[in-house]
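Working notes, structure below.
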Amino acid sequence: MLFRSIAAAAVLARRLRDTVPENRVGIVLPPGAGAVIANLAVVCAGKVPVNFNFTAGRISAESSIAVSGVVTLLTADAMRTRLTDFPWPDRTLDIRSEIQASGGRRAMLPWLAAAWLLPNQWVAGLMGLPHAGDRQEAALLFTSGSAGIPKGVVLTHRNLLANFAQISSMSILPDSATILGCLPIFHSIGFTVTLWYPLMRGCRLVTTPSPLDTRAMIDSIRDEAVTVVIGAPTFLRPLFKKARPADLRSVDLVVSGAEKLPEDLRRGFLEKFHIEILQGYGLTETSPVSNVNQPNPPVVTLTADEQIGKKAGTVGRLLPGMSARSIHPETGEELPSGETGILWLRGANVFSHYLGDAPGTAEALRGGWFVTGDLGRIDEDGFITVEGRLARFSKVGGEMVPHGTIEQKIAELFGVDPGEVQAVVVVGIPDEAKGERLVILTTLELSPEAVKDRLAAAGFPNLWIPRTVLRVDAIPVLGTGKLDIAGCRRLASEAAA
């Protein structure tokens, strides 16, 4: 399959080089052979792949296309038929038709032979690939847009290669691994870890079109003897509920990211499958992995001390070559170990800039450090605990109020099953008197009086108790599994207007 993908990509790359004058080429495809071929072909053509989020809604997609300057977009006719609301550019091409127009299988045969018989360097030379990429743009990805319009994150060849080397050095994704690729390619993990990393490292990749298709994931894991599963809790919870222990007997490693790992899910996975989910952390701007828990190193001699590679509730230690700080959000002072502040990160995998957003870049990159916007603390062993996005805190009457803490307590007090889809979300909207006002969005029948009485009885401060409860049909969630904070705020603001 790899050699056929290389051959198809080589044929498509030549056509793109001849017919597309622009530097960036858009891609809208689910995980699978088509997405691998399209991304590989764009890079081999000396151009930059831009994988667009087709689940975020028309406004976000139009903004991303405008920022990227993409004129030509690769997709499949079936995708175009299904995604009727996506703002398809005038020059939208079907990948299969483009390969056929370039000679199809007949044109692929010489490249198939070359990929099979020749050293990799020779094949790259025949394709006319440059020898160095360094700080040139290698990919354009967009942030999730959970707190607003997505930002275009420019990742260089140095960024991506650094992250590949960092991940490889952890020894949790060796070339013998079989990785399940179910995350969308427009997601930074889907792009880096479950598309390019297997190609670079030589891992075996098994794909399913969507992380929402739990049955396909289970069948692929069982039938293809998958050893590594990577996903967000939103996608791992259905897997936990529907899979049998025999379905996951080949799995050695499950890594969770994108959102906080619920303790009940971690414990349930361990009890049912005897697999401990290891929580990691990263952002699109860090290419994306910056932290991950890993299995405890084995004790191989009688005199060796036991070492720890993981701590429950944390996102692990930094990858090699990275540094971190915890900074006070108001004073800018660097905080000592154990104190919560805004996490700043530095390393070769940190992005270069936001495309077309100099003010945003200046705010995010300060003196070589990336300001993540996440609140967290670093313990004495180097393990980092992420408390949540700064956007998930409100400043009410001068006090920082954590939305997640209130949500968890409401779920507990009203008997909400933690295994179900998130049913309660707290957001902050502007308030002239107190700075911000807390609003509850919920799919449940909750009254403001009941919420107030139970939170007060539980000992919550008065400032932490929302006075407004808004009943909604569904909590807005992004295609990546993250909470759509901007969408939640819009609902709350419209209701309060």
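The values are calculated or read from the model by the stated rules, or taken from the named source; none is laboratory data. The structure displayed is predicted, hence computed values, not measured ones. Here the Cβ is made from the backbone with ideal geometry for all residues, glycine too, and neighbour counts use every protein chain on show. Accessible surface is based on the protein model in full, side chains and every heavy atom, while ligands, DNA and RNA are left aside. Shrake-Rupley method; radii C 1.70, N 1.55, O 1.52, S 1.80 Å.
Is there a residue in segment 213-223 that is in a loop (DSSP other than H, G, I, E, B) and within 22 Å of Q279 (Cβ to Cβ)?
Among the residues of segment 213-223, not one is in a loop (DSSP other than H, G, I, E, B) and within 22 Å of Q279 (Cβ to Cβ), which makes the answer no.
Just checking, which of T284, T340 is at pLDDT 90 or above and β-branched (V, I, T)?
Going through T284, T340 in turn, the sole match is T284.
Given the options I475, I440, name the one that is assigned to a loop (DSSP other than H, G, I, E, B) and out of contact with any Asp or Glu (no Cβ under 7 Å at 6 or more places or on another chain).
I475
Residues of segment 353-377 being crowded, with 18+ Cβ neighbours inside 10 Å and small (G, A, S), which ones?
A364, G376
For the list (1) at pLDDT 80 or above; (2) part of a loop (DSSP other than H, G, I, E, B); (3) open to solvent by 30 Å² or more (accessible area, probe 1.4 Å), I need the number of the one condition that S168 fails.
(2)
When you go through (1) open to solvent by 30 Å² or more (accessible area, probe 1.4 Å); (2) touching a Leu at 6+ places or on another chain (Cβ under 9 Å); (3) farther than 17 Å from L278 by Cβ; (4) of a type outside the set (S, T, N, Q) one by one for C203, which number turns out not to apply?
(1)
What residue, of A78, A115, A107, A45, is over 22 Å from the mean Cα position of the chain (by Cα), modelled with pLDDT under 95 and open to solvent by 50 Å² or more (accessible area, probe 1.4 Å)?
Answer to the check: A78.
Looking at (1) over 23 Å from T234 (Cα atoms); (2) outside any helix (DSSP H, G or I); (3) hydrophobic (A, V, I, L, M, F, W, C), can you tell me which one W196 breaks?
(2)
Could you grab the pairs with beta carbons closer than 6 Å, sequence gap of 6+ or different chains, first residue in segment 382-411 and open to solvent by 50 Å² or more (accessible area, probe 1.4 Å), second one modelled with pLDDT of 85 or more and not small (G, A, S)?
Close Cβ pairs satisfying both conditions: E387/T340; E387/L375; R389/D374; L390/L375.
It is to be established whether one or more residues within segment 128-141 are open to solvent by 30 Å² or more (accessible area, probe 1.4 Å), at pLDDT below 90, touching a Lys or Arg at 6+ places or on another chain (Cβ under 8 Å) and within 30 Å of P359 (Cβ to Cβ).
Taking every residue of segment 128-141 in turn, at least one turns out to be open to solvent by 30 Å² or more (accessible area, probe 1.4 Å), at pLDDT below 90, touching a Lys or Arg at 6+ places or on another chain (Cβ under 8 Å) and within 30 Å of P359 (Cβ to Cβ).
Restricting to helices (runs of 4 or more DSSP H) lying wholly in segment 1-103: which have 3 or more residues that are touching a residue at least 24 places away in the same chain (Cβ under 8 Å) and in contact with a strand residue (DSSP E or B) (Cβ under 7 Å, 6 or more places away or on another chain)?
In segment 1-103, 33-44, 58-68 are the helices (runs of 4 or more DSSP H) which contain 3 or more residues that are touching a residue at least 24 places away in the same chain (Cβ under 8 Å) and in contact with a strand residue (DSSP E or B) (Cβ under 7 Å, 6 or more places away or on another chain).
Name the residues in segment 273-324 that are open to solvent by 20 Å² or more (accessible area, probe 1.4 Å), charged (D, E, K, R) and under 25 Å from the mean Cα position of the chain (by Cα), would you?
Result: E276, K310, K311, R317.
Quick test of your reading of the structure: V251 fulfils all but one of (1) in a helix (DSSP H, G or I); (2) without any contact (Cβ under 8 Å) to a residue 40 or more places away in the chain. Name the failing condition by number.
Only one criterion is unmet by V251, namely (1).
Would you mind stating whether D175 is charged (D, E, K, R), modelled with pLDDT under 95 and farther than 25 Å from A348 by Cα?
No.
Can you tell me which residues in segment 231-248 are touching a helix residue (DSSP H, G or I) at 6+ places or on another chain (Cβ under 6 Å) and outside any helix (DSSP H, G or I)?
The one that is touching a helix residue (DSSP H, G or I) at 6+ places or on another chain (Cβ under 6 Å) and outside any helix (DSSP H, G or I): A243.
Determine the pairs where a residue that is more than 18 Å from Q408 (Cα to Cα) and open to solvent by 50 Å² or more (accessible area, probe 1.4 Å), located within segment 425-449, has a partner that is polar (S, T, N, Q) and modelled with pLDDT of 85 or more with Cβ atoms under 7 Å apart, the partner being 6 or more residues away or on another chain.
Close Cβ pairs (under 7 Å, with a partner that is polar (S, T, N, Q) and modelled with pLDDT of 85 or more) do not exist here.
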